[in-house]
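Before any comments, here is the structure.
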Amino acid sequence: MPRPDTAPRRTDDLRQIDLAHHLHPFTDHAAFANEGGGRIIVRGEGIWLWDSDDNRILDGMSGLWCVNVGYGRRPLIEAAADQMARLAYYNTFFKTATPPAVELARVLAECTPPGLEHVFFAGSGSEAVDTAVRLVRHYWALKGAPRRRVIIGRRHGYHGSTLAAASVGGMAPMHRQGDLPLPDFTHVLPPYAFEYARPGEDADAFGRRAAAALEERILDLGADRVAAFIAEPIQGAGGVLIPPDSYWPEVQRICARHDVLLVADEVICGFGRTGRWFGADRFAIRPDVMTLAKGITSGYVPMAAVMVGERVARTLIDDGGEFFHGFTYSGHPVAAAVALANLALIREEGLVERVAQVTGPALAQRLAETFAGHPLVGEVRSCGLLAAIELVDNPATRRRFAEPGKVGTRCRDHAFAGGLVMRAVRDTMVLAPPLIITEAEIDELVTRARAAIDATARDLGRL
Ligand code: PXG
């Protein structure tokens, strides 16, 4: 067995080894190799990253929507080191627990919306979503309604890459590989007004129409076959789709009317991203189950959790017997210790309030004034520190480009070259910077985003 070589390597060596041995997520490897490989990121501090050639890059995506408190934060680093030294691992199976896992369960019950008092730990958002699927089906079986198996998700929804999570998600390219979705998963219209609102249909009317699509699907299937509706408060990876205010209250009523459980996937929206602790707080949603990951540890170590509301928890606890489900790393003590330090830091620094009162409004204002009338921009929208800029062929008519995704990718590459991580979802540019970003850094972020979009417009001969 060769020893791993940890001596510093040059960028080109790292790229070559990466291409030779490393299969990346969501990557066309042949195209990746043709481009000569990727960037090697070596260091982070605050909202900034450095690559192996010492370029400084503003991370407008918080890693992958997760580094809420920014990079290099001592309290998280020390919590991990202390817990590793004391007890690096123990499980939560077989009637055991560890102090950080117990304490984190209490803190999560306290900071999530009222009524969500129990937590099941997992290692990733995908595992959390799979757990939610198994849990809601188990619940209905215990209630004597085993036919209630169907899970309704939405088009453009992203809930992870395991079989069940990819089935809940509404991503057609994922479904085309590996015979997905699994049986008993179905998808409805998302509240994406820019894409789906009819000419002249106002946002609230469209929001009600999108909610009505859920009710129609429930009625088509028969409510006695539907276990749950699983949805992100704001769809993140689908392109930061912010629902009109009319949407969630209507969805809540529909789920109640048909006794369909409501699962809020808060993997992106949770922990301050929208200017409230959870997207459910922002939209006044009362979910039966809530999935959490990413911002729970600010991405410093993997961790996820499923908050279980009273209704499902009572049945599970009182009538469920053994729930045959769990992961080696459920409630990992190091991850739990980091989560506790992370949540304490979010509180101490008032980050959620800052997003609501200072940085969220500043980002919205800077985006609006910067892109008003831009020849490539059809819409900017944001909620807290989640934002999207729609690039279109014709802003007046919202006409898309002939080849979806090409312009977005080009723009993303310009951004990266200009020292900004901004993601492209097809031709929608999305931003989700760390919650510690300052107003001056927001100016810098929007300036760099503008430079990338201007460069893209010049490539297309529009500027
Ligand atoms: N739910 C939601 C709402 C997510 O955004 C998951 C579940 C799955 O989490 P894990 O930890 O299993 O990856 C996610 C993940 C992107 C991107 O490119 C988004 C995610 C993951 C990777 C890439 O926007 N979201």
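Numbers below:
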item: Which numbered condition Q252 misses (of (1) part of a loop (DSSP other than H, G, I, E, B); (2) closer than 22 Å to R134 by Cα; (3) more than 16 Å from the ligand (Cβ to nearest atom)); result: (1)
item: Any strands (runs of 3 or more DSSP E) falling wholly within segment 9-62 and containing at least 3 residues that are farther than 22 Å from R273 by Cβ, within 16 Å of the ligand (Cβ to nearest atom) and in contact with a strand residue (DSSP E or B) (Cβ under 9 Å, 6 or more places away or on another chain); result: none
item: Flag if T131 is within 16 Å of the ligand (Cβ to nearest atom) and crowded, with 16+ Cβ neighbours inside 10 Å; result: yes
item: Residues (among the hydrophobic types (A, V, I, L, M, F, W, C), outside any loop (DSSP other than H, G, I, E, B) and either within 13 Å of the ligand (Cβ to nearest atom) or touching a residue at least 60 places away in the same chain (Cβ under 8 Å) (or both)) located in segment 260-291; result: L261, V263, A264, A280, V289, M290
item: Among residues of segment 202-218, those that are surrounded by 14 or more Cβ atoms within 10 Å (Cβ to Cβ) and part of a loop (DSSP other than H, G, I, E, B), counted; result: 0
item: Test: residue in segment 107-127 that is in contact (Cβ under 8 Å) with a residue 40 or more places away in the chain, in contact with a strand residue (DSSP E or B) (Cβ under 9 Å, 6 or more places away or on another chain) and of a type in the set (D, E, K, R); result: yes
item: Pair list, Cβ < 8 Å and 6+ apart or interchain, from segment 370-394 residues that are more than 14 Å from M61 (Cα to Cα) and outside the structural domain of P233 (by TED's automatic domain parsing) to residues that are of a type in the set (A, V, I, L, M) and modelled with pLDDT under 95; result: P375/L463
item: Strands (runs of 3 or more DSSP E) contained entirely in segment 346-463, each with at least 1 residues that are crowded, with 21+ Cβ neighbours inside 10 Å and more than 20 Å from the chain's Cα centre (by Cα); result: 377-383, 386-391
item: Options I151, I230: the member that is within 15 Å of the ligand (Cβ to nearest atom), over 27 Å from R381 (Cα atoms) and outside any helix (DSSP H, G or I); result: I151
item: Residue in segment 187-196 that is out of contact with any Pro (no Cβ under 7 Å at 6 or more places or on another chain), charged (D, E, K, R), part of a helix (DSSP H, G or I) and on the phi < 0 side of the Ramachandran plot present; result: yes
item: One residue from V312, V301, V308 being part of a helix (DSSP H, G or I) and under 25 Å from the mean Cα position of the chain (by Cα); result: V312
item: Residue tally, condition closer than 27 Å to R74 by Cα, surrounded by fewer than 22 Cβ atoms within 10 Å (Cβ to Cβ) and of a type outside the set (S, T, Y), over segment 300-333; result: 2
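The values are calculated or read from the model by the stated rules, or taken from the named source; none is laboratory data. This structure is a prediction, so every number in the text was calculated from the model and none was measured. Every residue, glycine among them, receives a Cβ derived from its backbone with ideal geometry; neighbour counts consider all protein chains shown.
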